[in-house]
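Have a look at the structure below before the remarks.
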Amino acid sequence: MNLDPLREVCSKHILSESQPSLVVFREPYIPYVPSDWNGVLVLAESQNLAKAEHPHRSELGAMNERERIDRLYNNDGIRRVGPWDDGHLKMAVELLGFDPERTAVSNAVPWTVDGGQRNRNPDETLRQCAVKFWSDIIPLMSSAESKILVITSGAVARNVMKEVVGKERFDLVQIVSSSPNNLGRVAGLFHEQDMLRRYGEAEPVIKRNKLVANQQTVFFACHVLSMKAKYAALLEAREHRSAS
C-alpha cells in the first residue's frame, strides 16, 4: 500500500496551537499497514503518553514531524499500541478468524491529552478531530471492490468509528477494551477453567500469543468469541468475498 497519501492526510490534520485541546504531540500518525495487508484494521483507543517520564514520549520528542507521523513503524515489531503489543488484540484478531501479522493497527484517537501525571480520555474536541481524520483516511485504505473491516476495542474507538461509518463505506466489528480496569469487576465473577471448558477454542490462541490464562484474559477471549457469533453473517460474507 502506498503510504504517502496517508502521510498527506496526517499533515493536513496536525493540530494548531490555538485549538482548545492540550495535546502531547500535535501530529497524528498513520496506521501500521503490513505489506501483505488483509484488509482488516484494528483500533485501540489512544496512546497513553501523558506522563512526562514516559520513555516513548522522550523518543518522540527527539523526532521530526515526519518521523512522528511514521511512529508506528521501524520499532522491531513493536507497534506502540499497548493492547496490541501485549498480545491481547493480536489474540482477538486471531479469534475472529484473521491473521494478526497481516492486520493493520492504530489508535482511534491519534493524539494524547497532556494530563500532567495521569492519563485522561480524549475529550469531545479530540474525538471530533479523530472523526474528521478517519473520514479522510478510510477512503484511501478502501477500494471500490472491497470494503475494509474495522475492529474497534473500547468505548472511545467505538464512538469515533460509529460516527465515521455513517460517512464512509466499511464493515465494523466492536469489542470491549482489554484493559484490566475495564474487565476486572466482571471477569472476577467467572472461573477461568469453566470459561475455557465452554470456549475451548480460546485456550490455544491464548497460549500462541504468550498470554497468561488468568480470569481477565480468558474472559476477554470468551467475549471476543461471543462477538464472533454476533457478527457471524458479516464475517462469513467477507470470507466468501475473499475466496471468490
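Descriptive notes on the structure:
- Loop-located GluC sites (Glu not before Pro) in the stretch 41-87 (DSSP state not H, G, I, E or B) with no more than 14 neighbouring Cβ atoms inside 10 Å: Glu53.
- Between the stretch 76-113 and the stretch 38-68, the alpha-carbon center distance in angstrom: 13 Å
- Here the scattering of the chain is modelled by Debye summation over its C-alpha atoms, one equal scatterer each and no solvent; at q = 0.11, 0.13, 0.15 Å⁻¹ the log10 of I(q)/I(0) is -0.58, -0.81, -1.08.
- In percent, rounded to a whole number, the relative contact order of the stretch 4-243 is 22, using alpha-carbon pairs under 8 Å and six or more apart.
- Low-density loop positions, GluC sites (Glu not before Pro), the stretch 95-166 - DSSP coil, at most 13 other Cβ in 10 Å: Glu145
- Residue order, fewest to most surrounding Cβ atoms within 10 angstrom, among Glu236, Glu17: Glu17, Glu236
- Loop chymotrypsin sites (Phe, Trp or Tyr not before Pro), the stretch 160-206, which have at most 15 other Cβ atoms in a 10 Å radius of their Cβ (DSSP): Phe190
- log10 of Debye I(q)/I(0), alpha-carbon scatterers only, for the stretch 1-104 at 0.09, 0.18, 0.21 Å⁻¹: -0.25, -0.97, -1.24
- Volume per residue for the stretch 158-244 equals 126 cubic angstrom (convex hull of Cα atoms).
- Note on Lys207: lysines with a C-alpha under 29 Å away, same-chain residues under 8 apart excluded, are Lys90, Lys228, Lys230.
- Gaussian network model of the chain, Cα within-10 Å springs - most flexible of Gln216, Gln174, Gln193: Gln193
Coordinate-derived values only; no laboratory data. Owing to the predicted nature of the structure, the values given are computational and were not obtained by experimental measurement. Please note: Cβ atoms are built from the backbone with ideal geometry, for glycine as well, and neighbour counts cover all protein chains shown.
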